[in-house]
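Read through the structure below, which is laid out as structure tokens, and then see the notes.
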Ligand SMILES: Nc1ncnc2c1ncn2[C@@H]1O[C@H](COP(=O)(O)OP(=O)(O)OP(=O)(O)O)[C@@H](O)[C@H]1O
Ligand SMILES: [Mg+2]
């Protein structure tokens with residue numbers, strides 16, 4: 001490597017994508033974002049903004065919902081991955097932790113973890129199960145069906161299962177959803193630890209902007225299928241619009257970014 005530090009391409013680059021469901025419903029309208037290797041990047045936005053759709057466009061799971069990337073590119077580790085089958089995207093090192101956890105409820109926690117390793121042929125699966133138990137000790141004690149785990153335990157299992165694939169990039173869809181404040185703290189502590197210990201890159205979708213920005217290095221705010229604002233986590237946490245919209249008091253009426261005085265439509269890189 002030269003000392004001049006050539007610009008390192010991001011691990012993931014989403015470039016001006018358009019996503020359509022059922023051939024007619026246009027949901028993403030030219031969305032772009034970058035996730036540098038080894039970082040946690042937050043993707044924020046109100047209900048229906050298109051956050052989960054963005055993750056599914058990356059993981060290929062759109063296909064299972066009759067959705068399609070009709071324009072733009074998703075590039076992972078320098079290669080274009082849009083249109084590739086979801087299981088092949090998992091093999092390349094991207095694992096999505098779905099909204100609502102989606103563990104297999106009629107299997108045990110251990111069986112769910114083994115399932116996460118389905119792409120692997122190495123002999124270290126057992127070691128990795130122990131490592132997951134190291135992060136989430138209470139999963140080891142739960143030997144019954146995963147469907148009977150508490151919400152927090154199911155979230156932990158979903159993250160643990162993702163780790164079993166030894167992914168390069170984890171896409172997390174609202175890990176705080178339905179958890180008590182204490183559990184949210186715990187889960188985010190583990191997300192940070194996983195990132196630091198294992199070097200896993202994370203794209204984190206959250207409505208809990210405060211928590212997300214506390215662990216992320218960079219963030220994007222999306223609205224109606226587009227990014228309307230982006231910046232370092234510190235910049236966003238300090239941004240008046242973000243504060244008003246996401247970090248304000250509970251029950252405050254949510255405004256659209258479009259109506260906020262200081263919001264200016266910024267030209268994206270495409
Ligand atoms: N399979 C689908 N078919 C048709 N429309 C869909 C489908 N999935 C999502 N949509 C629509 O796309 C838009 C964005 O949905 P998406 O789930 O990506 O939003 P989100 O930002 O994740 O919202 P939330 O915070 O509520 O999870 C919504 O208007 C939704 O109704
Ligand atoms: Mg969603």
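Report summary: the helix-based calculation at 222 nm, which adds -39500 (n - 2.57) for every DSSP H run with n ≥ 4 and divides by the residues of the chain, gives -9500 deg cm²/dmol. Helix 151-164 and the longest principal axis of the Cα set of the chain meet at an angle near 80°. Neighbour counting of Cβ atoms within 10 Å sorts the residues 26, 198, fewest neighbours leading, into 26, 198.
Compute the angle between helix 181-198 and the longest alpha-carbon principal axis of the chain, please, reported from 0 to 90 degrees and rounded to the nearest 10. For helix 181-198, the angle is close to 80 degrees. The smallest convex shape that holds all Cα atoms of the range 24-171, its convex hull, gives 131 Å³ per residue.
The label-point distance for residue 217 and residue 25, in a model that sets each label 7 Å from Cα toward Cβ, rounds to 3.6 nm.
Derived from the Cα gyration tensor, the three semi-axes of the equivalent ellipsoid of the chain are 29, 22, 19 Å, largest first.
Stokes-Einstein diffusion for the range 1-107, with the hydrodynamic radius set to the Kirkwood value over Cα pairs and evaluated at 20 °C in a medium of 1.002 mPa s, equals 143 µm²/s.
The modelled label-to-label distance between residue 238 and residue 125, using points 7 Å beyond Cα along the C-beta direction, is 4.9 nm. A Förster radius of 30 Å combined with the Cβ-Cβ distance from residue 71 to residue 47 puts the calculated FRET efficiency at roughly 0.75. With neighbour counts taken as other beta-carbon atoms within 10 Å, the residues 143, 75 rank, fewest first, as 143, 75.
Taken together, the values in this text are just the output of simple stated rules run on the coordinates, not laboratory data. Predicted model, so just to flag it, every value in this text is computed and none were measured. Virtual Cβ from ideal backbone geometry, glycine too; neighbours counted across all protein chains shown.
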